[in-house]
Structures are given as structure tokens and as C-alpha cells.
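The next block holds one structure in the form of C-alpha cells; read it before the comments.
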């Protein structure tokens, strides 16, 4: 990308393509859409500063997800974030069932919440999630299973499962 108009177009395409994913990931950490949008901006600032070369579209998406995870973790560690009195997020725009599921997913411990989000909302396989989270596939399978069981208890599971 030697031309600045090419670079600007590439950045705009990346913002359009990855913003929703980044915001959803950040939201699972910070539980506030405004903070999630701040994280998304930080991710794109990092992207514009480093201009990382990508081997493929999958590598590009994985980079954005990994940076979003790291920025989200850093964000919740900040002293002002841990000491503030958070506002409850208004999820009234979602259907009642969707907001209940989202509330339940957000209420999960991080080790279950993120794999469930990546598996069900982003469509990643267990092996891809293991690679993104830098852990073993068997660990991801365990976290998914335990997370599902917790969600079933919270939401009321099916009798035939």
C-alpha cells in the first residue's frame, strides 16, 4: 500500500468489517457500549500505527480479535475503571429473549464468556479459539462445556439434553 488513498480505503473497509466484532468482544469485558466503543477506537489506532502485514483474511481477523481482547483486559485493569460506579447498559433494543441470553453470557466468568462469544457469535472453531486465546483445544472444549452448563442453569435448560 504505497498510495495514501489506497491506505485510507483499506482502513475504512477494516473499520466497517471489524468494528461490530471488536465492540461485541469489548462489551463482554466492560459491559458498557460507550467503553466498548473507546476500546474499538484504541484497536484501530494500534492498527493504523503498526500497519501489520497480514498473511490472509483469517490472519487479519485474528489480529483484530487478539488486539481487542488485549485492549479490553488492559481497560478493565485501569484503576479508574475498577473504582467507578458503572451505569447499567440499556439493552431494550434487543428482543427480551436476546437481552436475557446476552445478560447471562455477560454474567459468565471471563474464561467461559470469551470462548462462548467467539464460538457462537463469531463462528470460530474450537481450534481457532485455542489459537486466539493461546491455550489448548481441550481447555477450550472444557470451558465451552462448563459455560453452556452455567447458561442452562441460569436460563433454564431443555429437559431432553
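The values are calculated or read from the model by the stated rules, or taken from the named source; none is laboratory data. As the structure is a prediction and not an experimental result, all values here were calculated from the model. As a convention, Cβ positions derive from the backbone with ideal geometry for all residues, glycine included, and neighbour counts pool all protein chains shown.
At-a-glance table
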read-out: Residues satisfying the stated conditions in segment 124-152, i.e. at negative phi and not in a helix (DSSP H, G or I); value: 124, 125, 135, 136
read-out: Segment 16-28, residues that are without any contact (Cβ under 8 Å) to a residue 40 or more places away in the chain, surrounded by 16 or more Cβ atoms within 10 Å (Cβ to Cβ) and farther than 22 Å from residue 107 by Cβ; value: 19
read-out: Among (1) in contact (Cβ under 8 Å) with a residue 12 or more places away in the chain; (2) within 15 Å of the chain's Cα centre (by Cα); (3) on the phi < 0 side of the Ramachandran plot - the single one residue 31 does not satisfy; value: (3)
read-out: Flag if residue 42 is modelled with pLDDT of 75 or more, within 15 Å of the chain's Cα centre (by Cα) and surrounded by fewer than 16 Cβ atoms within 10 Å (Cβ to Cβ); value: no
read-out: Residue within segment 31-46 that is outside the structural domain of residue 118 (by TED's automatic domain parsing), in a helix (DSSP H, G or I) and under 16 Å from residue 121 (Cα atoms) present; value: no
